[in-house]
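J.: Input: one structure, supplied below.
The values are calculated or read from the model by the stated rules, or taken from the named source; none is laboratory data. In this text the structure is predicted, and so the values were computed from the model without any measurement. We place every Cβ from the backbone using ideal geometry, glycine too, and count neighbours over all the protein chains shown. For accessibility, only protein heavy atoms count, side chains too; no ligands or nucleic acids. Shrake-Rupley method; radii C 1.70, N 1.55, O 1.52, S 1.80 Å.
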Protein chains: 2
Amino acid sequence: MSEHGLLVSAPGKVILHGEHAVVHGKAALAVALGLRTFLRLRPGGGERLRIHLPGVGVRREWDVAELSALRGRLTADFDESKSPGVEQLDVLKEFAGIAADASAPDSLAILAFLYMCLAISAKYGDVPSVDIAVWSELPTGAGLGSSAAYAVCLAAALLHACRAISCPLKDGEATARFYFESSRSQGWPEEEMSLINSWAFQGERVIHGNPSGVDNAVGTWGGALRYQSGKITSLKRVPTLRILLTNTKVPRSTKVLVAGVKEKILKFPAIMNPVLDSIDAISQECQSVLEAMPTNPSPEYYPVLEELFDINQHHLNVIGVGHPSLDRLCRVTASHGLHSKLTGAGGGGCGITLLPPDATPLAVEAAKRDLCACGFECWETDIGAPGVTLHSSSALNAEVLHALSES
Amino acid sequence: MSEHGLLVSAPGKVILHGEHAVVHGKAALAVALGLRTFLRLRPGGGERLRIHLPGVGVRREWDVAELSALRGRLTADFDESKSPGVEQLDVLKEFAGIAADASAPDSLAILAFLYMCLAISAKYGDVPSVDIAVWSELPTGAGLGSSAAYAVCLAAALLHACRAISCPLKDGEATARFYFESSRSQGWPEEEMSLINSWAFQGERVIHGNPSGVDNAVGTWGGALRYQSGKITSLKRVPTLRILLTNTKVPRSTKVLVAGVKEKILKFPAIMNPVLDSIDAISQECQSVLEAMPTNPSPEYYPVLEELFDINQHHLNVIGVGHPSLDRLCRVTASHGLHSKLTGAGGGGCGITLLPPDATPLAVEAAKRDLCACGFECWETDIGAPGVTLHSSSALNAEVLHALSES
């Protein structure tokens, strides 16, 4: 670890196609989002471990000796291949003063941090004395993989602090001049990337109980992934596509929506099952188009992607996960010649709008203005972003550095 | 024929489900519309045959002797099982002063009338000396089967005039007191109904060249029909359902729309073919619900029909036959709690809105007002209407009698 510490980031994710259908054995495409979570790790002082999460107002610290003693009490083996034990988590909750049934983001973030810190250090060395600050561009609870991005950053930083993975930074090179470009290669060899992903999945398990593993895979590898029946495959090559990501801010319950789809399928199997087949074919077609596109695609590739957005948005309405706010989102962007679909659970939540290269800045600005006028929150960003990445301070923008420096 | 003549009517039709999918071998449901075409036949004077179509501004008359001579020149056998010959039609066009490539409704109406008059009389007797007036509640060229309703009325009236079918009116009974109620039984026996349908189909062939035969079958039998791969089946029992029929007045080409669907299927077969399968299942499900409904159904049956409307409207958008005017129609009615879909070719044209028994008159009036404010034309009517029907003058409303009396 350099004297300036370590700066690491990981992307959020959106589902491009296949949300809900994936529950019924169909393929889904998940892509890495241009909105990221950033972590700064610095050598700690006075044998303390500190965590600071300015976004959720968390600032905690513990004696390293106390954590080592706690680690000794957790008899079960820590391993990235085993689910965190209920008893382990209960001990950690008690230690950190977290209620047994806590579900608030700040409580779960502390719990995941403590678990990952003790488990990784148990396997690879001593409890590290470090200061960790994490800040995210991602809203929480919006289905954008914010918890996975957090867990990926933690996994990379803690594995690094425990020397379980290499430092892609060359010795002797000035940290200030070192940074990784936004390329597929973040500097860690394949097996170390897998290790980061495995431990990030452990963090996700602490937070979500039984996650699919898609979010942490996207956060680790970036680009685009295909997920079907538990199997995750990276797409061969993915262009970076500009999008608008819009949060309708309409709250929804993923559980209720998933149950509603199941009910519709049981009510009208002959009508609904072909719709799931059609969604599956949309994911397949989209994958083919993405893999055929060059890294900086020309406008000619976009009309098919737009058509697939439109078709799937209709299908998602058919299976009952639409919402008037999403209809409005689609209508507003359509009035500027742009194509949108809901992403994730639906019933409110977020939508994505494709921004083809020939969309004029004026049209994009007008669309953003109109979406904000609906009370929506809107980000102009991209998909197909790189996965977990090491940064030098000079490569990060002032806002990120400022947010992380508040610790 | 009584001294007061004959009053006959036939319904228009709407497609309830399966438009476009039917072109690709899937089932479609066609239902008889509450909007009807009315025909009055009266004994002619001075051995003349007169036709008056106040709706399209047609008033023509011919000497019966002249028509008999013309009939003699048309050497090919007239038969309801054979398509009208091109040469026969050319002779008739020349006789009536209609251009060879005429496609205006008035020209085609005269041509169909002359053909049916000569062909039916050639088979069953003399060219009748009668005055015929036809007036319709149906707009022409809107996909509502107005030409078929016209042909059905003509077939019934001309077969009657030539004594090829019985008079369901009992001899000696005062005409004024006689009328058929709006029931399935229009009074003609099954084989005479088939004869009316066959000759109406001939009229449709004169007007459309190569019609499917669905429109004249609905006009003859009323109720609801299932059509698949050229096979027409009557539904066992059909309730009368209240609807709004809305004409967006957006012109469209059925040919262009059909070609567009075919192109989409060829472009994305794996995505589009399941959508056609789903539409097919919607028609099947709708048929099951209709056949399970009593004649005067209680509100509980409607939510499924509404859900099928919504799903199919999305599917029709997916296959590319939607239109912003139809989206608007659906949105306007949805704002009053009512469910709509396009009917027929799409791309503009007409939409239908189901009016469940629990729709308040206030909501229906408000929906009609808002649809008219969009520049649409809107009728409150019903589907599942009776087929070809004999009426007494007293059973018809003043508007119809007035329109027919202008002759």
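J.: Which residues, taken from the stretch B:348-359, are buried (at least 21 other Cβ atoms within 10 Å of the Cβ) and over 30 Å from residue B:133 (Cβ atoms)? Write out each step before concluding.
T.: Step one: of the stretch B:348-359, the residues buried (at least 21 other Cβ atoms within 10 Å of the Cβ) are B:348-355.
Answer for the stretch B:348-359, where residues must be buried (at least 21 other Cβ atoms within 10 Å of the Cβ) and over 30 Å from residue B:133 (Cβ atoms): B:348, B:351, B:353, B:354, B:355.
J.: Which of the residues that make up the stretch A:126-143 are assigned to a strand (DSSP E or B) and more than 11 Å from the chain's Cα centre (by Cα)? Walk me through it before giving the result.
T.: Step one: list which residues in the stretch A:126-143 are assigned to a strand (DSSP E or B), which gives A:130-136.
Of everything in the stretch A:126-143, those that are assigned to a strand (DSSP E or B) and more than 11 Å from the chain's Cα centre (by Cα) turn out to be A:130, A:131, A:132, A:133, A:134, A:135.
J.: Here is a follow-up. Within the stretch A:360-381, track down each residue that is in contact with a Gly (Cβ under 7 Å, 6 or more places away or on another chain) and surrounded by 19 or more Cβ atoms within 10 Å (Cβ to Cβ). Walk me through how you get there before you give the answer.
T.: Start the filter on the stretch A:360-381 by keeping residues that are in contact with a Gly (Cβ under 7 Å, 6 or more places away or on another chain), which leaves A:363, A:381.
A:381 - this is the single residue of the stretch A:360-381 that is in contact with a Gly (Cβ under 7 Å, 6 or more places away or on another chain) and surrounded by 19 or more Cβ atoms within 10 Å (Cβ to Cβ).
J.: Still on this model: For residue B:78, which of the numbered conditions (1) of a type outside the set (Val, Ile, Thr); (2) surrounded by fewer than 19 Cβ atoms within 10 Å (Cβ to Cβ); (3) in a loop (DSSP other than H, G, I, E, B) fails to hold?
T.: Result: residue B:78 fails condition (2) only.
J.: Within the stretch B:84-99, can you find the residues that are at pLDDT 90 or above and more than 25 Å from the chain's Cα centre (by Cα)?
T.: B:88, B:90, B:91, B:94, B:95, B:96, B:97, B:99, listed by residue number.
J.: Check B:49, B:16 and return the single one that is outside any helix (DSSP H, G or I), in contact with an Asp or Glu (Cβ under 9 Å, 6 or more places away or on another chain) and open to solvent by less than 20 Å² (accessible area, probe 1.4 Å).
T.: Selected residue: B:49, the only one of B:49, B:16 that is outside any helix (DSSP H, G or I), in contact with an Asp or Glu (Cβ under 9 Å, 6 or more places away or on another chain) and open to solvent by less than 20 Å² (accessible area, probe 1.4 Å).
J.: What do you reckon, is residue B:404 at pLDDT below 95 and in contact with a Gly (Cβ under 7 Å, 6 or more places away or on another chain)?
T.: So residue B:404 does not fit the description; no.
J.: Here's a follow-up. Restricting attention to the stretch A:254-264, does a residue exist that is assigned by TED's automatic domain parsing to the domain that holds residue A:343, hydroxyl-bearing (Ser, Thr, Tyr) and open to solvent by 50 Å² or more (accessible area, probe 1.4 Å)?
T.: yes
J.: Still on this structure, I have one more. Pick from A:56, A:86, A:64, A:22: which is among the β-branched types (Val, Ile, Thr), open to solvent by 30 Å² or more (accessible area, probe 1.4 Å) and farther than 22 Å from residue A:215 by Cα?
T.: Just one listed residue meets the conditions, A:86.
J.: Another question, then. Scan B:118, B:111 and give me the residue that is more than 22 Å from the chain's Cα centre (by Cα) and open to solvent by less than 10 Å² (accessible area, probe 1.4 Å).
T.: B:118
J.: Looking at the stretch A:122-134, is at least one residue touching a Phe, Trp or Tyr at 6+ places or on another chain (Cβ under 7 Å) and modelled with pLDDT of 95 or more?
T.: Our first condition is that a residue be touching a Phe, Trp or Tyr at 6+ places or on another chain (Cβ under 7 Å); within the stretch A:122-134, this holds for A:122-123, A:134.
Next, from what is left, pick out any that are modelled with pLDDT of 95 or more: A:134.
For the stretch A:122-134, residues touching a Phe, Trp or Tyr at 6+ places or on another chain (Cβ under 7 Å) and modelled with pLDDT of 95 or more: present.
J.: Of all residues in the stretch A:19-43 being on the phi < 0 side of the Ramachandran plot and in a loop (DSSP other than H, G, I, E, B), which is farthest from the chain's Cα centre (by Cα)?
T.: A:26
J.: Right, another one. Hey, any hits in the stretch A:28-37 for a residue that's among the charged types (D, E, K, R) and either surrounded by fewer than 19 Cβ atoms within 10 Å (Cβ to Cβ) or over 19 Å from residue A:204 (Cα atoms) (or both)?
T.: no
J.: A further question on this structure: Can you name every residue in the stretch B:272-323 that is closer than 13 Å to residue B:17 by Cα, surrounded by fewer than 21 Cβ atoms within 10 Å (Cβ to Cβ) and over 25 Å from the mean Cα position of the chain (by Cα)?
T.: B:277, B:307
J.: While we're on this one: Is it the case that residue B:190 is of a type outside the set (Ser, Thr, Tyr) and either touching a strand residue (DSSP E or B) at 6+ places or on another chain (Cβ under 8 Å) or modelled with pLDDT of 95 or more (or both)? Before the answer, list the steps.
T.: Details: of a type outside the set (Ser, Thr, Tyr): yes; either touching a strand residue (DSSP E or B) at 6+ places or on another chain (Cβ under 8 Å) or modelled with pLDDT of 95 or more (or both): no.
Judged against the criteria, residue B:190 is not a match.
J.: Examine the stretch B:392-401 for a residue that is in contact with a helix residue (DSSP H, G or I) (Cβ under 7 Å, 6 or more places away or on another chain), open to solvent by 10 Å² or more (accessible area, probe 1.4 Å) and free of Cβ contacts under 8 Å to residues at least 12 places away in the same chain, and state whether such a residue exists.
T.: yes
J.: Among the helices (runs of 4 or more DSSP H) contained in the stretch B:252-371, which hold 1 or more residues that are in contact with a helix residue (DSSP H, G or I) (Cβ under 8 Å, 6 or more places away or on another chain) and more than 14 Å from every other protein chain (Cβ to nearest Cβ)?
T.: Counting at least 1 such residues, we get B:254-267, B:269-292, B:324-334.
J.: Continuing with this model, one more query. Return the total of residues in the stretch B:215-251 being open to solvent by 60 Å² or more (accessible area, probe 1.4 Å), without any contact (Cβ under 8 Å) to a residue 40 or more places away in the chain and part of a loop (DSSP other than H, G, I, E, B).
T.: Of the residues in that region, 0 qualify.
J.: Follow-up. Take the conditions open to solvent by less than 60 Å² (accessible area, probe 1.4 Å) and either farther than 28 Å from residue B:213 by Cα or without any contact (Cβ under 8 Å) to a residue 60 or more places away in the chain (or both) and apply them to residue B:96. Does it pass?
T.: So residue B:96 fits the description; yes.
J.: Another question, if that's okay. Are there any pairs with C-beta distances below 9 angstrom linking a residue in the stretch A:100-122 that is assigned to a helix (DSSP H, G or I) to a residue that is open to solvent by 30 Å² or more (accessible area, probe 1.4 Å) and among the small types (Gly, Ala, Ser), with the two at least 6 apart or on different chains, and if so which?
T.: A:105/A:55; A:105/A:141; A:106/A:57; A:107/A:99; A:118/A:68; A:121/A:68
J.: Applying the selection to the stretch A:188-208, what residues are polar (S, T, N, Q) and touching a residue at least 40 places away in the same chain (Cβ under 8 Å)?
T.: A:197, A:198, A:202
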